[in-house]
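Undergrad: Following this message is one structure expressed as structure tokens.
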Amino acid sequence: MSKGIILSGMRPTGRLHIGHLSVLENWAKMQDEYKCYFMVADLHSLTTKFDDTVNLHEDTRQMVLDWLGAGIDPVKSAVFVQSSVKEHAELHLYLSMNIPISWLERCPTYKDQVAQFGKQGKDITTYGFLGYPVLMASDILLYLSDTVPVGEDQLPHLEMTREIARRFNFLYKTDLFPEPKALLGRFPLVPGVDGRKMSKSYGNDIAISSTSEEVKKRTNAMITDPGRVRREDVGNPEVCIVHKYQEIYNNQMLESVQKACRSASRGCVDCKKEVYQVMEDMLEPIRKRKAEYQNSTYNNLKEYLQKLNNLEEPSKNRQDGSLDESLVTEKFDIFWRNSGRKDKEVLKKLGQSVIDDYKAGLITLNDVQSLLDAKFDYVNLIMIKGKERAGKVASETIKNARAAMNLRF
Ligand code: SF4
């Protein structure tokens, strides 16, 4: 029995780094306890990066692959792109109508962010950025989420979502929206290998998708105690970045490592070797899982669809083998007319298997359409099915919100 409903998301920033892993591990755990919706928050990224969308598609794809590698299961959870479920924008509009501007202006991060971007010469004092907390509330309330995993710094945002839900319910005399509660998590701040904030743009990150060689390079580049020039000098772990990593990822031996460092009976190479090994143990299973999703075979796509069908409507999918093949060929014809050479080749190769599986009742007509829409690509298929699953709930909420507001035509 699920403990509740969770919506959580990340802006599409492309390949994630190990600093994101604690959040993802938390998501992966929650999947077994909650009904989860994990969203690529592309509309949120437009609030500040409205002038820089060239990589949005590829960044989305890479980030989703990292999620999957880190253990997000697209059968247990709906994984989708925010802008593909239009109801996010619709609810945002409805809620915007009754939220006082003063609520938004007093949001603690608003002025900070405007100032920070201002220093970089960018003006983000837009209508959209001011309304960012309303969009966030729309995301959460659309799925009637009652629980939101947050860090302590995000509590004011969640409080605003609660106020927005209260205001809507009060104004329209409804109890449609629950006031979501916080599920507080502690996420260690992992520094970059040079001690600054970890960031791809600083070139000091360890990407989740790093190869062993790249991890080794980054670990070797980690800054140790700058005062320890020779092996026989005593060290100070407090100022050592390698040690910070030991604290976060390898803390069973911490005391003895500190002692040995302070007495110069251990060299920095030993620490770096250990940190490298811990990173490898952590990243290797992620690489393997990612490879499974990157490798789109028809069998793994079919298996995914079957699992989803069994989860959602087990009885509806018992087909009897007498289905109309012409329905599938009609879909193939449309696909054929609209696709390029590469897609046609895939269809030529897989078409008969799809028809056979459809006739045998192993996949539904809707599955055939999804496979074609996804162009037989696993990540595309996950996003299409995620959109369907999220969209069903979202459209029901919008229907009820419209009814509450008397928007009935
Ligand atoms: S021995 Fe280890 S803890 Fe001490 S300075 Fe070197 S890397 Fe850091």
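The values are calculated or read from the model by the stated rules, or taken from the named source; none is laboratory data. Note that this is a predicted model, so its numbers are computed, not measured. All Cβ positions, even for glycine, are placed from backbone atoms using ideal geometry, and neighbour counts span all protein chains on display. Protein only, heavy atoms only, side chains kept; ligands, DNA and RNA dropped before computing areas. Shrake-Rupley method; radii C 1.70, N 1.55, O 1.52, S 1.80 Å.
Undergrad: Can you tell me which residues in segment 62-114 are touching a Pro at 6+ places or on another chain (Cβ under 6 Å) and not in a helix (DSSP H, G or I)?
TA: Within segment 62-114, Cys107 is the sole residue that qualifies.
Undergrad: Still on this model: Can you tell me which residues in segment 216-225 are more than 11 Å from the ligand (Cβ to nearest atom) and part of a helix (DSSP H, G or I)?
TA: Initial filter on segment 216-225 (more than 11 Å from the ligand (Cβ to nearest atom)): 216-218, 220-221.
Of everything in segment 216-225, those that are more than 11 Å from the ligand (Cβ to nearest atom) and part of a helix (DSSP H, G or I) turn out to be Lys216, Lys217, Arg218, Asn220.
Undergrad: Another question, then. What residue, among those in segment 206-221 that are under 15 Å from Asp66 (Cα atoms) and not hydroxyl-bearing (Ser, Thr, Tyr), is most open to solvent (accessible area, probe 1.4 Å)?
TA: Residues of segment 206-221 under 15 Å from Asp66 (Cα atoms): 206-211.
Of the ones still in play, those that are also not hydroxyl-bearing (Ser, Thr, Tyr) are 206-208.
On the way: Ile206: 0, Ala207: 19, Ile208: 1 Å².
The residue in question is Ala207.
Undergrad: When Asp59 is evaluated against the numbered criteria (1) more than 27 Å from Leu130 (Cβ to Cβ); (2) not in a strand (DSSP E or B), which criterion, by number, is the only one it fails?
TA: Going through the list (1) more than 27 Å from Leu130 (Cβ to Cβ); (2) not in a strand (DSSP E or B), Asp59 breaks only (1).
Undergrad: Something else now. Among the residues of segment 20-47, which ones are open to solvent by less than 20 Å² (accessible area, probe 1.4 Å) and either basic (Lys, Arg) or more than 15 Å from Ala78 (Cα to Cα) (or both)?
TA: Leu21, Asp42, His44, Ser45, Thr47
Undergrad: Among the residues of segment 381-401, which ones are free of Cβ contacts under 8 Å to residues at least 24 places away in the same chain and open to solvent by 50 Å² or more (accessible area, probe 1.4 Å)?
TA: The first filter runs over segment 381-401 and keeps only residues free of Cβ contacts under 8 Å to residues at least 24 places away in the same chain, leaving 384, 388, 392, 396, 399.
The answer is Glu388, Lys392, Glu396, Lys399.
Undergrad: If you go through segment 226-269, how many residues are near the ligand (Cβ under 8 Å from one of its atoms) and among the acidic types (Asp, Glu)?
TA: Residues that pass the stated criteria total 0.
Undergrad: Still on this model: Residue by residue through segment 270-317, note down the ones that are closer than 19 Å to Ala70 by Cβ and within 16 Å of the ligand (Cβ to nearest atom).
TA: Within segment 270-317, Val278, Met279 qualify.
Undergrad: Something else: From the list Thr174, Thr161, Thr147, Thr125, which one is open to solvent by 70 Å² or more (accessible area, probe 1.4 Å) and either assigned by TED's automatic domain parsing to the domain that holds Phe50 or at pLDDT below 95 (or both)?
TA: None of the others qualify; the one that does is Thr125.
Undergrad: Looking only at segment 115-146, filter to residues that are within 18 Å of the chain's Cα centre (by Cα) and not in a helix (DSSP H, G or I); which one of those is farthest from Glu179 (Cα to Cα)?
TA: The extreme case among them is Tyr143.
Undergrad: Here's a follow-up. Going by what's in this entry, would Val269 be described as closer than 30 Å to Ala221 by Cβ, assigned to a helix (DSSP H, G or I), out of contact with any helix residue (DSSP H, G or I) (no Cβ under 7 Å at 6 or more places or on another chain) and open to solvent by 30 Å² or more (accessible area, probe 1.4 Å)? First the steps, then the outcome.
TA: Values: closer than 30 Å to Ala221 by Cβ: yes; assigned to a helix (DSSP H, G or I): yes; out of contact with any helix residue (DSSP H, G or I) (no Cβ under 7 Å at 6 or more places or on another chain): yes; open to solvent by 30 Å² or more (accessible area, probe 1.4 Å): yes.
Spelling it out, Val269 is indeed closer than 30 Å to Ala221 by Cβ, assigned to a helix (DSSP H, G or I), out of contact with any helix residue (DSSP H, G or I) (no Cβ under 7 Å at 6 or more places or on another chain) and open to solvent by 30 Å² or more (accessible area, probe 1.4 Å).
Undergrad: Let me ask something additional. Restricted to segment 71-122, and to residues that are aliphatic (A, V, I, L, M) and farther than 30 Å from Ala28 by Cα, which residue is most open to solvent (accessible area, probe 1.4 Å)? Explain how you work it out, then say what you get.
TA: Narrowing segment 71-122 to residues aliphatic (A, V, I, L, M): 72, 75, 78-79, 81, 85, 89, 91, 93, 95, 97, 99, 101, 104, 114-115.
Pick out the ones that are also farther than 30 Å from Ala28 by Cα and you get 93, 95, 97, 99, 101, 104, 114-115.
Numbers: Leu93: 88, Leu95: 0, Met97: 141, Ile99: 16, Ile101: 98, Leu104: 14, Val114: 35, Ala115: 56 Å².
The residue in question is Met97.
Undergrad: If you scan segment 251-265, which residues turn out to be open to solvent by 30 Å² or more (accessible area, probe 1.4 Å) and not small (Gly, Ala, Ser)?
TA: Narrowing segment 251-265 to residues open to solvent by 30 Å² or more (accessible area, probe 1.4 Å): 251-256, 258-259, 262-263, 265.
Within segment 251-265, Asn251, Gln252, Met253, Leu254, Glu255, Gln258, Lys259, Arg262 qualify.
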